[in-house]
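Student: Below is the structure I would like to discuss, written out as structure tokens.
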Amino acid sequence: MNRLLINIFRAVPALFLMAGCQKVLKETPRSTFTPQYFQTQNGVLGGLTALYAHLRNIYGNAYYWNMCQCGTDETTWGQSGGSGSNFQAQDYSVPGVHPTPTLSDAGQLWGNTYPYINTASGVIQYAATAGVAKSYIAEARFFRAFDYFLLVQTFGGVPLDLGSGRLQFNTSTIRTSKRDSVSIVYTKAIFPDLVAAVADLPSTRRVMGAVTKQVAQLFLAKAYLTYGWWLQNPNSIPSYPVEAGSPRTDPDGHDPAWYFQQAYDISVNAIQNPGIYGLQPTYYDVNVATNDYNNECMLFSDHTQSSAQYNVSSLTYGAGGTPDNWSSWFQTWAYPTITSSTSPASWTSTTPVSRASEQWGGRPWVRNAPTIEVFTKTFADKTNDSRYDGTFTTVYRCNIKEAGLPYTTLYNANFLPITEGSPVLTFLPDDVPGIDYSNSVYKSSVGAGVLPGRADFVISPSAYNRIAYPGIWKLGPYRTDNNGGLGSPNAGSTRPYTGAKFSELYFIAAEAAVKGATTVAGYDALSLINVIRARAGKWKYSNASRAAYVADFSAAMTAATPATITIGYILAERSREYYGEGYRFYDLVRTQRFGLDNQEGYNYATYTVGGIAFGDHTPQTNVRTITPQLYLQPIPQGQIDAMATSDAEKKAYQNPGY
């Protein structure tokens, strides 16, 4: 087994959840978990809190984010992610460059799940003698299922036996491993654990962020939905280890329709019995940092700005790695390279926009970029639908006061004056004629254009490229300790990273309905999707204007919904709702659209984007080559190398095509 897999006693802090709904985790370092330890209340709590802590190794991990995003219709490689990198590899559009066992970000997931699967098994196996409530064991069951669900979607069948028997807590170091089939992982591990979690978890949180019945329902419904697709296998996508049949055979004797119905029924039940959860009134409310921990967020990896110890990472600088929340860096462009002039007559450059620890900004790494189609097709409606404005930073404003620069007025496009808070560069919502990109007089350092009468430089959607594009506002950092300055933009974000939202129950139920589930009145696919679209039509604030903007376009949004909901339309709506949040790879793999074009009018392989130079505004067409084998990510080479087995057995352990 991989050193991360066999090293089940890896130094993981024993983290103790404090009483009450607090966000801070009290940590007591502990290098090992033993059966005797799990038979105590402190041992159970220590194991459980380690399970919550490990979410920070997944949600907010930028390399895991890259695996989930790059190569989909949402994201491609950015200017700083070229030259045969893992970013180009995950994109599948550069000839000869694709994921390999040593060049794949999927290893982030493999290494950050197995030690905690073993911890969960220890709690499940021994906690009964510690005199704790069944709900504590249910939390461990949830996390074991959660990790296995991520693994099976990413790699196919994976080991359930870590050395002491299937789903048993392992105390020995072994160097052999056998992968179970996909159907076994679902039916013997994921489903039983989640069913038990739904039965034994309460509808109220034990502590802030703890899982509940409704959280388990969401993941059980999604697992049923995903497995139903896998059983049905409409496009004959191969899985591994090999299981014959299309549709495939379920060990429990159910057909795909049964699983789609279960997914629908459980989702609707959770919607009707939401407990502490619900939809926020506007999309802005869901994602604005001042409203973090709102009741739409069901599962998140937590962070804090109050203590570097409890944040488990620096509050002033991040090197890029777990457990930081740093995924927003990858698709943040180099906006601090924007320049204005200190003179109204000749171009004398200075920096009007400095990197800041604010939600619109953050730290730019430019490893990824959005495709042009994100703006021209996915977010085509930017007037009624608030999700475009609630997803992207499109206007970059002067912050010379926060930066402490000795100016009150600068001069920008057309040598027009700008002051603190003025727009310096705007990514336009739509293409407009007459933009001058020549930079013959007004020296835009980022290749932006000029429109007559406007003081801000502009770039239109068809001119977006791999180095200059709107940032992802909703993932941006937020601190309350900036004290009027720029704050600490080079640190990881101290915001929670949300991994599951109540809104997804509507999408799961709608998708199951499209797949044939029998619906109840008021919960057909159209009605479910229109709940989400109606909410998207309600505005309270405009990020582009940085001002209150109250409007209700919900009637127009629902009127524009097609009468017949298709899988393609659900995927488009999911992209509008969850753009850049790490859902997309799994959505496309589940529905077997990954790398395919002309699916119900949607393209998932062909995209356009400009080049890597600031002034390169010529859209280039790119085509991804994604064969069916690439629906599974490669088993990390470290796992293969660490196994004390024959070369033939190692080769058989790896997914085909790698």
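The values are calculated or read from the model by the stated rules, or taken from the named source; none is laboratory data. Because the structure is a prediction, the values reported are computed rather than measured. Here Cβ is always computed from backbone atoms with ideal geometry, including for glycine, and neighbour counts include all displayed protein chains.
Student: Mind listing just one residue for me: the one in segment 561-601 that is small (Gly, Ala, Ser) and within 21 Å of TRP65 (Cα to Cα) and, of those, modelled with the lowest pLDDT?
Tutor: Filtering first and then ranking leaves GLY595.
Student: Name every residue in segment 375-400 that is in contact with a Gly (Cβ under 9 Å, 6 or more places away or on another chain), closer than 22 Å to ARG576 by Cα and outside any strand (DSSP E or B), in order of residue number.
Tutor: Hits for segment 375-400 are ASN384, ASP385, SER386, THR391, THR394.
Student: Looking at SER301, is it of a type in the set (Ser, Thr, Tyr) and surrounded by 20 or more Cβ atoms within 10 Å (Cβ to Cβ)?
Tutor: yes
Student: Quick one: in segment 247-265, which of the residues that are among the polar types (S, T, N, Q) and in contact with a Leu (Cβ under 9 Å, 6 or more places away or on another chain) is farthest from LEU194 (Cα to Cα)?
Tutor: Top of the filtered list is THR249.
Student: Let me ask something else about it. Go through (1) crowded, with 22+ Cβ neighbours inside 10 Å; (2) over 23 Å from LEU231 (Cα atoms) and name the single condition GLY601 misses.
Tutor: It fails just one condition, (1).
Student: Could you identify the single residue in SER239, SER203 that is at pLDDT below 95, among the polar types (S, T, N, Q) and assigned to a loop (DSSP other than H, G, I, E, B)?
Tutor: The match here is SER239.
Student: Can you tell me how many residues within segment 75-127 are acidic (Asp, Glu) and either surrounded by 24 or more Cβ atoms within 10 Å (Cβ to Cβ) or over 30 Å from LEU48 (Cα atoms) (or both)?
Tutor: 1
Student: Just for strands (runs of 3 or more DSSP E) wholly inside segment 455-554: which have at least 3 residues that are free of Cβ contacts under 8 Å to residues at least 60 places away in the same chain and surrounded by fewer than 18 Cβ atoms within 10 Å (Cβ to Cβ)?
Tutor: The qualifying strands (runs of 3 or more DSSP E) are 547-552.
Student: Determine which single condition SER328 fails, assuming it passes every other condition in (1) of a type outside the set (Asp, Glu); (2) in a loop (DSSP other than H, G, I, E, B); (3) closer than 30 Å to GLY82 by Cβ.
Tutor: Condition (2) is where SER328 drops out.
Student: Which pairs do you get when a residue that is among the aliphatic types (A, V, I, L, M), found in segment 74-100, comes within reach of a residue that is part of a helix (DSSP H, G or I), reach meaning Cβ atoms under 9 angstrom, with the pair 6+ apart or on two chains?
Tutor: VAL94/GLN88; VAL97/GLN88; VAL97/ALA89; VAL97/ASP91
Student: Of the numbered conditions (1) over 21 Å from PRO656 (Cα atoms); (2) part of a loop (DSSP other than H, G, I, E, B); (3) in contact with a Lys or Arg (Cβ under 7 Å, 6 or more places away or on another chain), ILE117 fails exactly one; give the number of that condition.
Tutor: Unmet for ILE117, out of (1) over 21 Å from PRO656 (Cα atoms); (2) part of a loop (DSSP other than H, G, I, E, B); (3) in contact with a Lys or Arg (Cβ under 7 Å, 6 or more places away or on another chain): (2).
Student: Can you spot a residue in segment 354-370 that is of a type outside the set (A, V, I, L, M, F, W, C), buried (at least 21 other Cβ atoms within 10 Å of the Cβ) and not in a loop (DSSP other than H, G, I, E, B)?
Tutor: yes
Student: List pairs: first residue in segment 401-426 and free of Cβ contacts under 8 Å to residues at least 60 places away in the same chain, second residue surrounded by 21 or more Cβ atoms within 10 Å (Cβ to Cβ) and part of a helix (DSSP H, G or I) anywhere in the structure, Cβ distance under 7 angstrom, at least six positions apart or on different chains.
Tutor: Correct list of pairs: GLU420/ILE400.
Student: While we're here: SER183 versus (1) farther than 21 Å from THR119 by Cα; (2) without any contact (Cβ under 8 Å) to a residue 60 or more places away in the chain; (3) in contact with a strand residue (DSSP E or B) (Cβ under 9 Å, 6 or more places away or on another chain): which is the lone unmet condition?
Tutor: (2)
Student: Please go through segment 401-417 and pick out each residue that is part of a helix (DSSP H, G or I) and either under 25 Å from ASN439 (Cα atoms) or in contact with a Cys (Cβ under 6 Å, 6 or more places away or on another chain) (or both).
Tutor: Result: ALA413, ASN414, PHE415.
Student: Assess whether ALA263 counts as being closer than 30 Å to TYR388 by Cβ, part of a helix (DSSP H, G or I) and not hydroxyl-bearing (Ser, Thr, Tyr).
Tutor: yes
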